[in-house]
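Since every read-out is calculated from the coordinates, none of them should be taken as a lab result. None of the values given here were measured: they were computed from a predicted structure. As a convention, Cβ positions derive from the backbone with ideal geometry for all residues, glycine included, and neighbour counts pool all protein chains shown.
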Amino acid sequence: MIITGNHHVTAIASDAQSNFHFFTQILGIRLVKKTVNQDDIQAYHMFYADDVGTAGTDITFFDFPGIQKGIHGTDEIERIGMRVASDAAIDYWEKRLTDKTIAYERLTMFNQAALYFEDADGQRYAIYSDEGLPGEPQGKPWAASPVPEAFQILGLGPMTLTVSNLEKMDHVLTTHLGFKQIQAEGKRRLYEVAPGGNGGRVIVKHLEGNRAQQGYGTVHHVAFKIKDRAMLDAWAEYFTSIQAPHSGFVDRFYFKSLYTRLYRPILFELATEGPGFIDDEESYETLGQDLALPPKLRPMKDQIKAMVRPVDTTIPEGGFPKETYE
């Protein structure tokens, strides 16, 4: 029962079209699957990842019609972490965020250069530098991105969790999920699983006050990466043995899942590395261009298309022009 890093993080957006623009044209990350929430087919589920949709690079969004704005607070996944290859890439992103009139803060977090910023929904992000930090392999750059290859976001970085009970979360991460605490700075603790690096880290911040309320601009859940279905079943047996509530096996088609709330109200998912987003419905070349569905929903495709709002996810032929800053 081994977790090898972050698999994906799922947040909530106010509008899928604006979300697509922000991720592809501002952050320069590829949309690899435009599908729907399999538990609520009226809501889009947008998957952004590296060039081929590698597990550990996915940032995904639900677009629930009519949902209210979320409120940040304690006991939530507060900030989505992403990673770039170098400190030079952090310098590039300072210039890019300035050019796009996005306010940011540059800081050093656990000895790594980082940038904090938000999108129009108030969703919180961080970009961390991998400079001098071995560990979980980076994703593959997207050729059509407006961001030059050397500076692209190449996967998930540390997720920041706010908690009212630091010792309880420490117990969950270290005793049950196999993380190790490797550093502490003030009210923050840094945890890591092998092979480590930014792709296998979680930051936990102690925060008193009001509990967060989910809505657009907040994170729904975070998923950790495991190898395969056999390991997923072993985790389900373990959660049952410790009397932890869990979903049991859930087939998401693009990966297999298991959900649990070891620390309420934060939702953790365990997800398998494959099979991935290149499938019988979409080739590498056409990823994210049309509404894609797992086999169980394909007979309802016309009905689902009529239910969801139209979202144009085309990209220019030949990709976006590269944007450099001197």
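Want the number for residue 86 to residue 187: 0.36 nm per residue separation, take away the alpha-carbon distance, what's left?
Full extension from residue 86 to residue 187 adds 33.7 nm.
Which length gain, in nm to one decimal place, applies between residue 206 and residue 233 when the Cα-Cα distance is subtracted from 0.36 nm times their residue separation?
Taking residue 206 through residue 233 to full extension adds about 6.5 nm, to one decimal.
Which residues does the label zone of residue 131 cover in segment 179-194, counting backbone N under 12 Å from a point 7 Å along Cα→Cβ?
The answer is none.
Rounded to the nearest 0.05, what FRET efficiency do residue 150 and residue 279 have when you use their Cβ-Cβ distance and R0 = 35 Å?
The pair residue 150/residue 279 has a calculated efficiency of 0.70.
Just name one of 238, 223, 103: the one whose Cα is farthest towards the positive end of the charge dipole of segment 6-307 (beta-carbon charges, Lys/Arg +1, Asp/Glu -1).
Value computed over the given set: 238.
Output ³J(HN,Hα) for segment 76-91: one whole-Hz value per residue in order, computed from phi by the Karplus curve 6.51 cos²θ - 1.76 cosθ + 1.60 with θ = phi - 60°, and x for Gly and Pro.
8, 7, 7, 9, 7, x, 10, 9, 10, 6, 7, 5, 4, 5, 4, 4
Quick one: which residues, 5 or more positions from residue 124 or on another chain, have an amide H under 5 Å from its amide H? H modelled 1.01 Å from N in the peptide plane, none for Pro or chain starts.
Excluding prolines and chain starts, which carry no amide H, the hits are 80.
Order the peptides 177-185, 139-147, 154-162 from the highest to the lowest mean number of other Cβ atoms within 10 Å of their residues.
So the order, starting with the most tightly packed, is 154-162, 139-147, 177-185.
Any chance you could get the radius of gyration and Dmax over the Cα atoms of the chain, in Å?
18.7, 58
List the equivalent ellipsoid semi-axes of segment 1-127 in whole Å, largest first, each obtained as the square root of 5λ for an eigenvalue λ of the Cα gyration tensor.
Largest first, segment 1-127 gives 24, 18, 16 Å.
Given H placed on each backbone N at 1.01 Å, which residues far from residue 32 in sequence or on other chains put an amide H within less than 5 Å of it?
The answer is 47, 48, 49.
Sort 297-305, 283-291, 253-261 by packing, meaning the average of other beta carbons within 10 Å per residue, with the highest value first.
253-261, 283-291, 297-305
Around residue 113, with a cut-off of 9 angstrom between Cβ atoms, what is the net charge of the other residues, counting Lys and Arg +1 and Asp and Glu -1?
That sum, taken over residues with Cβ under 9 Å, equals -2.
Work out Dmax and Rg for segment 201-270 from the C-alpha atoms and quote the Rg first, both in angstrom.
Final numbers for Rg and Dmax: 13.8, 41 Å.
How large is ³J(HN,Hα) for each residue in segment 174-184, as worked out from phi by the Karplus curve 6.51 cos²θ - 1.76 cosθ + 1.60 (θ = phi - 60°), to whole Hz, x for Gly and Pro?
Going residue by residue, I get 7, 7, 9, 10, x, 7, 10, 6, 10, 8, 9 Hz, with x marking Gly and Pro.
Taking amide H positions as placed in the peptide plane 1.01 Å from N, state which residues far from residue 52 in sequence (5 or more) or on other chains have amide H under 5 Å from it.
Those lying under 5 Å, H to H, from residue 52 are 140.
So, with +1 on the Cβ of K and R and -1 on the Cβ of D and E, and no other charges, what is the size of the charge dipole of the chain about its Cα centre, to the nearest 20 debye?
Value, rounded to 20: 760 debye.
Have a look at 10, 209, 304 and report the one farthest towards the positive end of the charge dipole of the chain, computed about the Cα centre with Cβ charges (Lys/Arg +1, Asp/Glu -1).
209
Show me the ranking of peptides 166-176, 77-87 by mean Cβ neighbours inside 10 Å, starting with the highest.
Ranked by mean Cβ neighbours within 10 Å, highest first: 77-87, 166-176.
Largest first and to the nearest Å, give the Cα extent of segment 247-326 along each principal axis.
Answer, in whole Å and largest first: 46, 44, 25 Å.
Read phi for every residue in segment 122-138 and hand back ³J(HN,Hα) as whole Hz from Karplus 6.51 cos²θ - 1.76 cosθ + 1.60, θ = phi - 60°, with x for Gly and Pro.
x, 5, 9, 10, 9, 10, 10, 8, 8, 3, x, 10, x, x, 3, x, 6
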